[in-house]
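Input: a single structure, listed below in structure tokens.
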Amino acid sequence: MIVLPHSFLCLNEMINPISYVKNTRTSYSKLLERNINEVQVQFNDENPAWIPYDTLIAIDSMITYGKE
């Protein structure tokens, strides 16, 4: 495992969205009929939650680029 210094992760005050990931898993969705990559995230003191990895990346893009 490669560990990068904090300065590599926070360029221009950007926060690496992967830093909030506590765990990962792949599950099968019967509704979508495909495997879904999920990440367990925790941003503050709340309970960790499982969300799709694609959702985490979409949230990061919205925050980074200011899109709504």
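Each reported figure results from applying straightforward, stated rules to the coordinates on display, with no laboratory input. If you're wondering where the values come from, they're calculated on a predicted model, not measured in any experiment. Backbone-built Cβ (ideal geometry, glycine too); neighbour counts: all protein chains shown.
Mean separation of Cα pairs under 8 Å and 6 or more residues apart, divided by the residue count, gives region 16-68 a relative contact order of 27 percent.
Fully extending the segment from K22 to I63 would add 12.7 nm, taking 0.36 nm per residue of separation and subtracting the current Cα-Cα distance. Classification of region 15-65 by its C-alpha gyration tensor yields an oblate form. The axis ratio a/c (a ≥ b ≥ c) is 1.5 or more, and b/c is at least a/b. Extending 7 Å from Cα along the Cβ direction at N37 and again at T55 yields two label points whose distance is 1.7 nm.
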